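Participant: Below: one structure in structure tokens.
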Amino acid sequence: MMADLGVLKSSPGGHEFLQDFSTTLQQMMGDLDFSTCRVRAEESGCDENTFCTPDTVDQCISFLNQELLSLGLQALSYDNQSKMACLINRLYQILRLFQRHGRTKEDLENRLHRMNSECEHYQHSIARLKTEREKLMREVCVEQEKSRQLLVKHKTTLAKLKSEKEEAKRLQSVIKDRDTQYRHDLKKKERECNKLKERIHQLLADKTPNRRVGLDIAFSLQSSDGKRSQWRSTSNKQEDMYQHLMTVYEDKQKELLVENSELRTSLQHIHRDISKALGLHDHLVSHSTMVMSSQESESCSSEDEFLSHSSVTGHKSHIPDGYFQMPYDMIRENLENMFKERLKKLKERKRRKLPSPAKSAKSSPPKPSLPKPCDLEQFKKEMEILKKQIKTYEEQIEKQKREKENYKEVIQQQEDMIQNAIQAHKSQSSGEVFLDDSKLMQEKESLLEQRRLFNEEKINFTEERKQFTEAAIKLEKERRALEEEKTTILKDQFFQISPFRSPVEKSTPSKDSARLLPSTPLFSPAPSGQPKTPSTVELFRFLGITPKERLLQHRNTSLDESSELQQSHNSEYLDNNNTVTNSASAESSVLGEEPGLARKTLFLRRSSTGSNDDLGV
Amino acid sequence: MNCICCCVFEHTIDNIAFCFLEFDMNFSELFRQSNQICKFSPDGKFLASVVEFRLVIRDVDTLQIQNLYTCLDTIQHIEWSADSQFILCGLFKRGIVQVWSIEQPEWTCKIDEGSAGLCATRWSPDGRHILTTADFYLRITVWSLVTKSVSYIRYPKRCQKSLDYSNGGKYMALAERRECKDFISIFACDSWELVKHFETETDDLAGIEWSPDGRVLAVWESPIKYKILLYTLDGRCVSKFSAYDNALGIKSLAWSPTSQFLALGSYDEKLRVLNHITWNAVATHSHPPTVKEEDVVVYKEIETRAPLPPGNDIDAPTAALFTPQSKYEVDQPPIDIPVVKPDTNRANPKLGVGMLAFSCDCKYIYTRNDNMPSTLWIWDVQKLRLCAVLTQGAAIKCVEWDPLQPRLALCTGTNKLYMWSPTGSLAVEVPVEGVFNVHSLKWHPDGNTILLLGKDQMCVCYLSDPGAEKS
């Protein structure tokens, strides 16, 4: 009851209900004489919870009736017969009521829970939003503060800049002032210096009246050109100088002329090349120009400018060689326009990636010095075609190989079948062998013969193998000896470096008396660029593994030999088996074509030598 | 003596020919010299060297002493006359010049500047006159050895290069300073007559140099200002060039042998190449601290650590085994280049392009940026790009192109000689007894001999082509 109370209290609807309920309860309590009840209860030996005793049945019934009426139920009858049923009915009704109330209570409790959690959630979110808001507010404040500070800073820096500028100006003026001051002082000092020098001059002149005193010479020399000296001669040197100047200018002008003409010719060449690249002919003047002009008018309106020049540029593709020898200021505009136009065309062509016209391809053979875009494209195309061809060839080869294998399989099968047939035949006709006896004997004989031959060959091969291994060992020994020799030579050279050696050979015959000391410079060649010179890395690599490489080479050669040997093995072996094959050129090809056979040969080789060192497979 | 092939790889790779660096290198023994005053004669026959008071003339091929002249005091300067007949010795402390004849050893000549003092001396192009500069650049005196006449040129300017002869020796340009203004005087060298005198548009002229064809005279301003002016013989200003203002300017300058290019190295660590028609820059090459270009060949000197010698009393050839060996390794860009931070508070900071020269065939320029002292940059003139970079273990002391081939030799003050050519580089230790660090080097005019100068010793390196010998 108490728990229910709590629930009812918390739920809003239940609250009112509860109030009503409590008031009625109090009224009831007032009506009831609880004290008497309690006393009676004590007397009857019952506890408080006992509501009804046999003495108070009527009272209780009336009380219950009252209660039941207030709850809208039928009152209990005092009749003893129907009392029981009536009581049970009421009890049932009350139970129902109680159940209903319990359900609603549960429902309400659930609702309450939900409400509570929702409420909590809302409170939480409110709190969160509040903190967020606060944070944002703070941030805004911070940013505002920052901007304010920056503004202040900006202002101060502006002021500073201004002051610095002024300072700089001031300093510059100071520097200028000081500069002028220094200059002035310097001049003063220099003047003083000059005065002193003057004085010294005078003193010197006074002291040495005879100027020849200074020169003490055994005898006078002849002039270097053999002529007599022309000291203080009357010849006009200035005229000479101007003559000299004039020749200098003339030379310079000539140089400039040469350069100019070279520039003009190169311009002409460029023009011609561009024209060729564009597919314009000097000979097809009228036609091409017409086509061009029509194209221009079609292509875009911005070329109206060029069209306005058409009276001049009408001959643009037909320019005589002399045109480039005209004074440049006259032809400059035309030339510039022309080149602009051509460049535009070239760009357009490049953009569109149009194949150059056939006539241009014909007229302009690919120039290695001037790789034009169309040439490049052509080249690329050719490359593409070549690649395709290669691919098709490869495919064909692949196909043929496959066919070959198929054929071989067929042959193998046929052979097997024949063998089987023979076997079957033999087993079948074991009874009547006498007819085929001679045949069989013959066959057996031939087989034996073959076996003998094969054994012989096998022995030969082992012999050869042995020889070969011996040779390899010998080679290895020789190599080692060579290495040793090399090291001794190097050692010798190192000792020869020592400068105190008896002279062996003169580098130049003239240096007879000079004692020369040879040196050991360490040279570092420039990397790349020079085709002949390898980079140090390469050199070091070369140096570092020279012996290894030699070893490798040696191994390779031995491998080659072995493969050759093996090749012969193969061919012979195959011939023995009467198998049709193309002569195998190399081990790899054998492997690629007939894996089974190759494996057999390998197996043979292994078994023959017992060493599989040089089986690089 | 026996020759050792230069290319160590030749033992293993037979079919590779190194076109320019395939030669034997043989070194002479050491000779004494003082103050690194040694010069090949212009005709290439003789080698003059100084040992304090004495002037030693040796035959270049045999290195035998041909003549020995004794001067009055320590020799501070020598110069061969253009015809290789005479050699002058400047004894600046005494204020005298002594001249010696190769063909007539008994002939003597002494020039005394007297109380005016002496600070420089040089031959005229004809080899019959001697120009002496008095102390404080008071005057230049022209002494004729033919007529014994003496004449003075006053107001010469004290600067980097105040005097230059045009090619062929026809004219002499002299920078002068009068009344705080720069002038240039052009003299005809055969009569010493003044043919032109003109003022230049400079505040403080630093130097003058004729183009090799003698058509133009380059005049450059002191480093305070970036300015170069080009004058013709008659004083017309052909062109001016200035790359920037308000910073230290030109540090070094070189004409190409063909006169088509003028290379300018400046304090902004850049190399600018001007053309001879418009005098505009055709290329501006900077020297970045990281080389990123993929197609640049970077040679890095690698010093191998040598084992410690077993004892002190070992003979020279054995000792040579225990000195560190050097070799070049080819590095792949990007490469960081060691940079020395210059002290800009002091005058003449070690910054900017201080050394540059064109190769004889005008295909390459080398430069050294002074704040990257151990790196040599080689530029391709035709392709206008960096071609090779050599990073040395020590600061580069001296670089010189072969006068006949596109290859160069350099030294770094160590006991090694380095060479570069388009096909590769080499490092070689000078195989001599004792300590010999190469501080300077000079090519013989024939290009097959290099003179190596140490502190007080010298050594001659002969490069001989084994192929030529065989034939």
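The values are calculated or read from the model by the stated rules, or taken from the named source; none is laboratory data. Only a predicted model underlies this, so the values are computations on that prediction, with no experimental measurement involved. Here Cβ is always computed from backbone atoms with ideal geometry, including for glycine, and neighbour counts include all displayed protein chains. Note: areas computed on protein heavy atoms with side chains; ligands, DNA, RNA excluded. Shrake-Rupley method; radii C 1.70, N 1.55, O 1.52, S 1.80 Å.
Participant: Give the calculated FRET efficiency between B:Thr62 and A:Glu384 to the nearest 0.05, with a Förster radius of 51 Å applied to their Cβ-Cβ distance.
Facilitator: E(calc), rounded to 0.05, equals 0.15.
Participant: Something else about it: With charges only on Cβ, +1 for K and R and -1 for D and E, what is the dipole size of region B:27-81 about its Cα centre, in debye, rounded to 20?
Facilitator: 40 debye
Participant: Oh, and also: Kindly report, to the nearest 10 Å², the accessible surface of A:Ile88 as traced by a 1.4 Å probe over protein heavy atoms only.
Facilitator: Probe radius 1.4 Å; accessible area of A:Ile88 about 90 Å².
Participant: 7 Å from Cα along Cα→Cβ at both A:Tyr122 and A:Ala75: what's the point-to-point distance in nm?
Facilitator: It is 4.9 nm.
Participant: Starting from the amide H of B:Lys196, placed 1.01 Å from N in the peptide plane, find each other amide H under 5 Å away whose residue is 5 or more places distant or on another chain.
Facilitator: The list, which skips near neighbours in sequence, is B:Ile186.
Participant: Another question about this same structure. Test of understanding: what is the full-extension gain from A:Thr53 to A:Lys176, defined as 0.36 nm times their sequence separation minus their Cα-Cα distance?
Facilitator: 31.3 nm
Participant: For region B:65-168, what ratio Rg/Rh do Cα atoms give with a Kirkwood hydrodynamic radius?
Facilitator: In region B:65-168, Rg relative to Rh is 0.95.
Participant: With a point put 7 Å past each Cα toward its Cβ, work out how far A:Glu164 is from B:Tyr152 in nm, to one decimal.
Facilitator: Going from the A:Glu164 label point to the B:Tyr152 one covers 5.7 nm.
Participant: Placing unit charges on C-beta atoms (Lys and Arg positive, Asp and Glu negative, everything else neutral), compute the dipole magnitude of chain B about its Cα centre in debye, rounded to 20.
Facilitator: For chain B, the charge dipole is close to 1460 debye.
Participant: If you don't mind, there's one more thing I want to ask. Here is the link list: B:Lys157/B:Lys240; A:Lys187/B:Lys93; B:Lys292/B:Lys397; A:Lys189/B:Lys161; A:Lys197/B:Lys341. Which ones come out longer than 32 Å on Cα distance?
Facilitator: A:Lys197/B:Lys341
Participant: Which order do A:His184, B:His129 take when ranked by solvent-accessible area (1.4 Å probe, heavy atoms of all protein chains), largest first?
Facilitator: Result of the area sort, largest leading: A:His184, B:His129.
Participant: Each residue of region B:105-122 in order: what ³J(HN,Hα) in whole Hz does its phi give by Karplus 6.51 cos²θ - 1.76 cosθ + 1.60, θ = phi - 60°, with x for Gly and Pro?
Facilitator: Whole-Hz 3J(HN,Hα) from phi for region B:105-122: x, 7, 6, 10, 7, 9, 10, 10, 6, x, 6, 5, x, 9, 10, 7, 8, 7.
Participant: Follow-up. Please list, ordered by chain and number, the residues whose modelled amide H lies under 5 Å from the amide H of B:Gly214; skip anything fewer than 5 residues away on the same chain.
Facilitator: B:Asn167
Participant: Apply 1/(1 + (r/R0)^6) to the Cβ-Cβ distance of A:Leu490 and B:Ala395, taking R0 = 30 Å, and write down the FRET efficiency to the nearest 0.05.
Facilitator: The value I calculate is 0.25.
Participant: Starting from region B:58-125, pick out the GluC sites (Glu not before Pro) whose DSSP state is loop and whose Cβ has at most 14 other Cβ atoms within 10 Å.
Facilitator: Those satisfying the criteria are B:Glu103, B:Glu106.
Participant: Please report, in whole Å, how far the alpha carbons of region B:40-126 spread along each principal axis, starting with the longest.
Facilitator: 42, 27, 21
Participant: Another question, if that's okay. Solvent-accessible area per residue for chain B at a 1.4 Å probe radius, Å²?
Facilitator: Here the per-residue accessible area is 39 Å².
Participant: Tell me, what is the 1.4 Å probe accessible area of A:Val140, in Å² to the nearest 10?
Facilitator: 80 Å²
Participant: If you don't mind, another one. Give the lysines whose C-alpha is closer than 17 Å to that of B:Lys39, dropping any in the same chain fewer than 8 places away, or say none.
Facilitator: B:Lys442, B:Lys455
Participant: Another question about this same structure. Quick one: length gained pulling A:Ile422 to A:Leu129 fully straight, 0.36 nm per residue minus the C-alpha distance?
Facilitator: Working it through step by step, the gained length comes to 95.4 nm.
Participant: Taking Cα atoms of region B:216-286, Rg/Rh with Kirkwood Rh, to two decimals?
Facilitator: Expressed as Rg/Rh, it is 0.94.
Participant: If r is the Cβ-Cβ distance from A:Thr104 to A:Arg148 and R0 is 60 Å, what FRET efficiency results, to the nearest 0.05?
Facilitator: Efficiency, rounded to the nearest 0.05: 0.40.
Participant: Which lysines, if any, have their Cα less than 30 Å from the Cα of A:Lys444, not counting same-chain residues under 8 positions apart?
Facilitator: Partners found: A:Lys408, A:Lys426, A:Lys458, A:Lys600.
Participant: Sticking with this one: Work out the mean other chain Cβ neighbour count within 10 Å for the residues of B:54-64 and drop it here as an integer.
Facilitator: Partner-chain Cβ atoms within 10 Å, mean over residues of B:54-64: 3.
Participant: Enumerate the residues in region B:54-93 having an amide nitrogen under 14 Å from the point lying 7 Å beyond the Cα of B:Trp107 toward its Cβ.
Facilitator: Answer for this model: B:81-88.
Participant: Okay, next question. If amide H atoms are built 1.01 Å from N in the plane of the peptide, which residues on other chains or at least 5 residues away come under 5 Å of the amide H of B:Tyr171?
Facilitator: Under 5 Å from the amide H of B:Tyr171: B:Ser166, B:Cys189.
Participant: I need the phi-derived Karplus couplings for region B:144-152: 6.51 cos²θ - 1.76 cosθ + 1.60, θ = phi - 60°, integer Hz, Gly and Pro marked x.
Facilitator: Result, ordered by residue: 8, 8, 8, 9, 6, 7, 10, 9, 10 Hz.
Participant: Whole angstrom only: what separates the Cα centroid of region A:69-135 from the Cα centroid of region B:399-471?
Facilitator: 115 Å
Participant: Follow-up. Please list, in order along region A:103-117, the HN-Hα scalar couplings obtained from phi with the Karplus expression 6.51 cos²θ - 1.76 cosθ + 1.60 (θ = phi - 60°), rounded to whole Hz, x for Gly and Pro.
Facilitator: Taking θ as phi minus 60°, the curve returns 4, 4, 4, 4, 4, 4, 4, 4, 4, 4, 4, 4, 4, 4, 5 Hz for region A:103-117.
Participant: Please tell me the relative contact order of chain B in percent, rounded to the nearest whole number, where contacts are Cα pairs under 8 Å and at least six residues apart.
Facilitator: Relative contact order for chain B comes out at 11 percent.
Participant: Can you give me the solvent accessible area of A:Lys130 with a 1.4 Å probe, rounded to the nearest 10 Å²?
Facilitator: For A:Lys130, solvent-accessible area is about 120 Å².
Participant: Need the per-residue list for region B:411-434: every residue with at least 40 Å² less accessible surface in the complex of protein chains than in the chain by itself, probe 1.4 Å, sorted by number.
Facilitator: B:Thr423, B:Pro431
Participant: Which shape class, rounded, prolate or oblate, goes with chain B when its Cα gyration tensor gives a ≥ b ≥ c as root eigenvalues, a/c under 1.5 marks rounded, and past that a/b bigger than b/c marks prolate?
Facilitator: It is oblate, given that a/c is not under 1.5 and a/b is not larger than b/c.
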